[in-house]
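Colleague: Questions regarding the structure given below will be posed in turn.
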Amino acid sequence: MMNQTPNKLPITGHLMELRKHLLWVFVAMAIGTVVCFIFVENIYGFLVEPLARAMSVEGGGESTNRLIYTGLTEAFFTYLKVAFFAGVFLTFPILLLQIWQFLAPALYKAEKMAFLPFLIATPLLFFAGGAVVYYGIIPAAWPFFLSFQSGGAETALPIQLEARVSEYLDLIMTLIFAFGLCFQLPVLLTLMGKAGLVKAQTLKSKRKYTIIGAFVMAAILTPPDVISQVGLAVSILGLYEVSILLVSLLEKKNHKNPDAQSTDTI
């Protein structure tokens, strides 16, 4: 059975179609931001809960620490930033859906079926990356940073954390997005393998460079502590191995059924 012929549009038609999909993305993110701003205090509480818990443990009971802001408008704009962050995070699947709807008319039916698993895996891996940060990295990293506090008996003057709310939320949001994006590695490499741009043997031969690159990337994207850097680097390396496995399975499938390669390639 022949595949359905993709729709062909002039360049202006593609630009108009792209404009329409981008508009839907911006509208969805704007609506998501407004909705999240209504619940921004709950979102803020969720993001600072790991720090509050770590402060409480470090202080041996009920925490008396606080987050501060030093500019009159800082707290307001921080709330706006949190709402925008949450809105983008929650509407990320809509962005992928619009990308799919833009690309789908140019794909054959077999190509659509081949592309669909990647569309599903992308938001799941993005959310998984955020979950790894929140439930794995942060509970281990925050006590490390708080361990540098001291009383006056040890250092003549006490060293106590007085963190700015904007700096803390910038840090945790950067970590969540960094892990979410890095968790897209299997999708990216498997797509490249499906397109014939990389081979499993090539990925295996580049392991030593990947190890160096993973730790360099972790050093750039995470705070200067061993826990978060090693956590991100190990995650990247684990995802790289998963990518090698997926590309190997793809190559075996194409080797057994060479005719499928021409229809499955994106």
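Each reported figure results from applying straightforward, stated rules to the coordinates on display, with no laboratory input. The model shown is predicted, which means the values in this text are computed figures rather than measured ones. Glycine gets a Cβ as well: all are built from the backbone with ideal geometry, and neighbour counts include every protein chain shown.
Colleague: If one takes the longest principal axis of the Cα atoms in the chain, at what angle in degrees, from 0 to 90 and to the nearest 10, does the Cα axis of helix 226-256 lie?
Modeller: Here the helix axis deviates by roughly 10 degrees.
Colleague: Over all distinct Cα pairs, what is the inverse of the mean 1/r for segment 70-146, reported as the Kirkwood hydrodynamic radius in Å? Write out the running numbers ahead of the final one.
Modeller: On the way: mean 1/r = 0.0641 Å⁻¹.
The answer is 15.6 Å.
Colleague: Ok, one more. Figure the gain on full extension for F144 and L18 (residue separation times 0.36 nm, minus the Cα-Cα span) and round it to one decimal in nm. Walk me through the numbers on the way to the answer.
Modeller: Values: separation 126, 0.36 × 126 = 45.36 nm, distance 4.65 nm.
Fully extending the segment from F144 to L18 adds 40.7 nm.
Colleague: What's the exposure ranking of H21, H255, going from fewest to most Cβ atoms within 10 Å? Working shown, then result.
Modeller: Details: H21 17, H255 9.
Sorted ascending by nearby Cβ count, the order is H255, H21.
Colleague: Now, a different point. Extension gain I159-I220, at 0.36 nm per residue separation less the Cα-Cα distance, in nm?
Modeller: Details: separation 61, 0.36 × 61 = 21.96 nm, distance 2.70 nm.
Taking 0.36 nm per residue and subtracting the Cα distance, the gain is 19.3 nm.
Colleague: Now for a different question. What are the residues whose amide H is under 5 Å from the amide H of I68, where those residues sit 5 or more places off or on another chain and H is modelled from the backbone?
Modeller: A163, R164, V165
Colleague: Using the alpha-carbon atoms, what tilt in degrees (0 to 90, nearest 10) does helix 92-103 show relative to the longest principal axis of the chain?
Modeller: Relative to the chain, helix 92-103 is tipped by roughly 20 degrees.
Colleague: Hey, what angle do you get for helix 185-194 against the long axis of the chain, alpha-carbon based, 0 to 90 degrees rounded to 10?
Modeller: Its long axis makes an angle of about 10 degrees.
Colleague: Still on this structure, I have one more. Per DSSP H run of at least 4 residues, take -39500 (n - 2.57); add these up for the chain, divide by its residues and hand me the 222 nm value, nearest 500 deg cm²/dmol. Don't skip to the end; give the middle numbers.
Modeller: Details: 13 runs with 200 residues, N = 266.
The helix contribution divided over the chain gives -24500 deg cm²/dmol.
Colleague: Hey, how much of the P(r) for the chain falls beyond 32 Å, as a percent of Cα pairs?
Modeller: Details: 14096 of 35245 pairs.
Above the 32 Å cut-off, the chain has 40 percent of its Cα pairs.
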